[in-house]
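Take a look at the structure below.
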Amino acid sequence: MSLNRDLENGVKLLWPTPVFSRKFDNTEAVNARLREIILEREQQDKGVAKSVVHGWHSTEDFFDWPFPEVGQIRDFVRTGMVELTKVTTGLQEGQFGGQATFLGWATVLRYGAYNSVHTHPGCAWSGVYYVDTGGSTMEGDDGMAHGVIEFLDPRTAVEMIPIPGEPFGQRIKFQPEAGRIYMFPAWLGHSVTPYHGEKDRIAVAFNIRFDDFKIFEAPKGDG
Ligand SMILES: [Fe+2]
């Protein structure tokens, strides 16, 4: 299976990068409860030093926390995992399977917090689910994006050579939204721009690792 796409007039798009973006419905009650759970957990767990700067990052056992709301987020993440894997394999759900490990951690960003550029080595998919954006916006009064996730163009040297339209090497920003997931290949470099809201910005980040991925039916197509 190839992700590549044919445009009109003999032009092909090679090496596209799949990103899953979905706003799940009716998440208000789940998010309100998760907010309580995460802030309470922050009081008991001093967290781990990771890529979050001036924020709190829980231990990576979020999906083991004993609350039904955690199970609901797990279901959302599973949905994204299936959709992305369908695209990269060219298969339908049920034609692939195996054991996937979900690692998740809660983050709380407060005024001035950010997340430096990083990838998630050793994993297949990574992502984030927003519990509470804390009122962050794509652009503040100073014209800067605040607390938004930013993806880097992963292609080597794309910024070195001018191309008409300058489509390569641009950073792409996505706005946080409560109840929304963004999920992407773990090798895709990303960061969170400094958050300048007064309220807590709460999210759950996660990694998915396939331990024994299996294809039950050979993919069809152009290989
Ligand atoms: Fe990340």
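Some notes on this structure:
- Given K23/K199; K23/K173; K173/K214; K23/K86; K86/K214, the pairs whose alpha carbons are separated by over 23 Å: K173/K214
- The calculated FRET efficiency for the pair Q99 and E217, based on their C-beta separation and a Förster distance of 22 Å, comes to about 0.75.
- The calculated 222 nm mean residue ellipticity attributable to helices in the chain amounts to -6000 deg cm²/dmol, summing -39500 (n - 2.57) over DSSP H runs of n ≥ 4 and dividing by all residues.
- Dipole magnitude of segment 46-203, debye to nearest 20 (Cβ charges: Lys/Arg +1, Asp/Glu -1, about Cα centre): 280 debye
- Nonlocal amide H pairs with G90, under 5 Å, H built at 1.01 Å: none
- Furthest towards positive pole of dipole, G90, T27, I73, structure part the chain, Cβ charges: G90
- Solvent-free Debye scattering, log10 I(q)/I(0), computed from the Cα coordinates of the chain at q = 0.08, 0.16 Å⁻¹: -0.32, -1.17
Quick note: the coordinates plus some simple rules give every number you see, no bench work behind them. Keep in mind it's a predicted model, so treat the numbers as computed, not measured. Note that we place each Cβ from the backbone using ideal geometry, even for glycine, and neighbour counts take in every protein chain shown.
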